[in-house]
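Okay, structure first, notes after.
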Amino acid sequence: MTRQMAESEAAAAARGILWGIDLGGTKIEGIIIDSGSGEVICRHRIDTQGDGGYRHVLSRIGKLVGFLKRESGFTPEMIGFGTPGTLDPDTGKLRGSNSRHLNGEPLDRDLEQMLDVPVCVENDANCFTLAETRMGAIPAKAPWADSVFGVIMGTGVGGGIVIGNRLVSGKHGIGGEWGHNFLDNSGGKCFCGRVGCVETVISGPALERHYHSLSGERLPLRQISERSGQGDSFAQATIDRLVRFFGLAISQVINTLDPDVIVIGGGVGNIDQLYTRGFEEASRHAFTSDLSTLILKPELGDSAGVFGAAQLCARNT
């Protein structure tokens, strides 16, 4: 290592340089940020190429980290990873991932061995919640909030809990996993092996399947939502189903956790009726006569995952 590089790395450590990787089903995104200013020092995305299997995905991560090192001139002291699924605290292996090639693998140990740097691995919904709490919707619109429940409603349904600016992952690493609470038998079998999970009823694919079952037509959820206001009775019935079951499902979270704020991310979260009619439905089921929980849209968009992964390296996580 040259003297200039050593000085650069020392300066980076002093400034609080955070490294994060968002490992998704189709893309892997890496970021280096200055924790003090929030400045993005370096950022890059590559395809995951999950069809190549677990070892190939590890090699893709290695390639991305190498690129970030070269572009920034820094070497990480630690890297935070956001992943689909959760590391089992007992076995140390990933489980519950819809990227099936990751399940049953000791991802954190393999990453540390390959990269020769400590890593912190968390569920992507936890990363979303941490990012929106520290850098997104909470400082922008509810800086007073102490407890935050973050929701991801897209291909799947997940959640994360932050209390006092810290993640609450739980004893089994499943804190916030409301997507696998039972909701309704009509959802059918879930990939987790259970029947009627929240995810089988109000995820994007579940709603698209419901619309197809009514209309015989296959449409993306965005188009179904648009048609719901244009006289398409099948589209309206699909959105009504979303609103009704979202209210019932999120009321269970409210009754259990009673968060100050709920932030909704993911493609399903773009449907405005969740914040109006969905709130009204939640009010019907919540164990209070005057529900005042704030339900917000995210501020960071699809950047939340990678920013949250980087925040895992912060000392007060």
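Please treat every number below as a calculation from the coordinates, not as lab data. Just so we're clear, the structure is a prediction, and the values are computed from it rather than from any experiment. Cβ atoms come from the backbone with ideal geometry, glycine included; neighbour counts cover every protein chain shown.
Less than 10 Å Cβ to Cβ from THR83, Lys/Arg counted +1 and Asp/Glu -1: what total charge do the surrounding residues give?
Here the count lands on -4.
Starting from the Cα of LYS93, draw a straight line to each of the lysines and keep only those under 21 Å, dropping any in the same chain fewer than 8 residues away.
LYS171
With Cβ to Cβ distances under 14 Å as the rule, what net charge do the other residues near VAL201 carry (K, R +1; D, E -1)?
0
From the square roots a ≥ b ≥ c of the eigenvalues of the alpha-carbon gyration tensor of the range 188-271, which class results: rounded (a/c under 1.5), prolate (a/b over b/c), or oblate?
oblate
As an exercise, use a Förster radius of 25 Å and the Cβ-Cβ distance of VAL195 and GLU280 to find the FRET efficiency, rounded to the nearest 0.05.
Efficiency, rounded to the nearest 0.05: 0.35.
Counting other Cβ atoms within 10 Å of each Cβ, which trypsin sites (Lys or Arg not before Pro) in the range 109-158 have at most 13 and sit in a DSSP loop?
When the trypsin sites (Lys or Arg not before Pro) of the range 109-158 are filtered for loop state and at most 13 Cβ neighbours within 10 Å, nothing remains.
When we measure straight from the Cα of LYS63, which lysines land under 18 angstrom away, once same-chain ones fewer than 8 places off are left out?
LYS27
For a quick size check, give me the Cα extents of the chain along its three principal axes, largest first, whole Å.
68, 44, 40
The chain: longest stretch without exposed chymotrypsin sites (Phe, Trp or Tyr not before Pro) (DSSP loop, at most 14 other Cβ within 10 Å), sites themselves excluded?
Formally, the longest exposed-site-free interval is 1-143.
Assuming a ≥ b ≥ c are the square roots of the Cα gyration tensor eigenvalues, decide whether the range 1-155 counts as rounded (a/c under 1.5), prolate (otherwise, with a/b larger than b/c) or oblate.
Here the range 1-155 falls in the oblate category.
Using bins 5 angstrom wide from zero, how does P(r) for the range 33-122 break down, in % of all Cα pairs?
For the range 33-122, the pair-distance distribution reads 3, 13, 21, 25, 19, 11, 7, 1.
What lysines sit close enough to LYS297 to cross-link, taking a C-alpha to C-alpha distance under 21 Å and skipping anything fewer than 8 places away on the same chain?
Those lysines meeting the cut-off are LYS141.
Can you list the residues, at least 5 places off or on another chain, whose amide H is less than 5 Å from the amide H of ILE41, using H built in the peptide plane?
It is ILE32, ILE33, ASP34, by chain and number.
Counting DSSP beta bridges with both partners in the chain, what percentage is antiparallel, nearest 5?
Expressed as a percentage, antiparallel bridges in the chain total about 65.
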